[in-house]
Amino acid sequence: MARINLRPWREERNERLQKRFIGNMIGAALLGVVAVLGVSYYYDVQADRQDARNSYLRAEIVKLDQKIKEIEELRAKRERLLERLNAIQQLQGNRPVIVRNFDEMVRVLPDGIYYQSLVRRGETITIDGLAEDNNDVSSLMRRLDGSIWFSEPDLSRVDKSEGLKRFNMQADMTRPKAEEAN
């Protein structure tokens, strides 16, 4: 009987399969390395893009902060101007009121009373004067209370000196409505 030796054929086949397996392993390893490098490159590109966006946003935020500062400065300037304008309007509006107050001081003055000094502090006027009689002081207080330009007179003291009565009182100044003032 003839003997056939199959061993070298199997060894060649096994060797070929092993080379193919090693080739596949090397190919898979190379493919894995390329895939990892590709994903890494993709993420690096995305991170660089995001950094560029962030730096753009930071630059825009700085610009907006500067604009906000300018707006705040303009608002503060506007407030100062409005305060000045209100102060000017108040001064111009109070100018005739002061004249009216002093005119009213003369109108409510009864006979027998003399003013020595009139001092205005804020919305309160302090009156120092001389009166011939206590009834004259009472009459002045009633007239001040009845005036639309003054309210709540408060008598501080009454002293007798040289035959006349020296008195001191305070009265609050009021601003009547426009229809009452005329």
- Message: For q values of 0.14, 0.19 Å⁻¹, compute log₁₀ I(q)/I(0) with the Debye formula on a Cα-only model of segment 88-181, without solvent.
- Response: -0.50, -0.86
- Val99 paired with Arg10, simple spin-label distance in nm, labels 7 Å along Cα-to-beta-carbon: 13.3
- For volume of the Cα convex hull per residue in Å³ the list reads (i) 130; (ii) 156; (iii) 266; the calculated value is entry (iii)
- Query: Can you pull out the GluC sites (Glu not before Pro) in segment 95-133 that DSSP calls coil and that have at most 16 other Cβ atoms within 10 Å?
  - Reply: Glu123, Glu132
- Query: Gaussian network model of the chain, Cα springs within a sub-10 Å range: biggest mean-square fluctuation belongs to which of Gly129, Gly23, Gly93?
  - Reply: Gly23
- Task: Take the Cβ-Cβ distance between Arg107 and Ser156 as r, set R0 to 30 Å, and report the resulting FRET efficiency rounded to the nearest 0.05.
- Result: 0.85
- Around Ile71, with a cut-off of 14 angstrom between Cβ atoms, what is the net charge of the other residues, counting Lys and Arg +1 and Asp and Glu -1? +1
- Placing +1 at every Lys and Arg Cβ and -1 at every Asp and Glu Cβ, with all other atoms neutral, what dipole size does the chain have around its Cα centre, in debye to the nearest 20? 2340
- Task: For an R0 of 25 angstrom, estimate the FRET efficiency from the Cβ-Cβ distance between Asp128 and Ile148 and round to the nearest 0.05.
- Result: 0.60
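Computed from the coordinates by the stated procedures, all read-outs in this text should not be read as laboratory data. On a predicted model such as this, the values are computed, not experimentally measured, just so you know. Here Cβ is always computed from backbone atoms with ideal geometry, including for glycine, and neighbour counts include all displayed protein chains.
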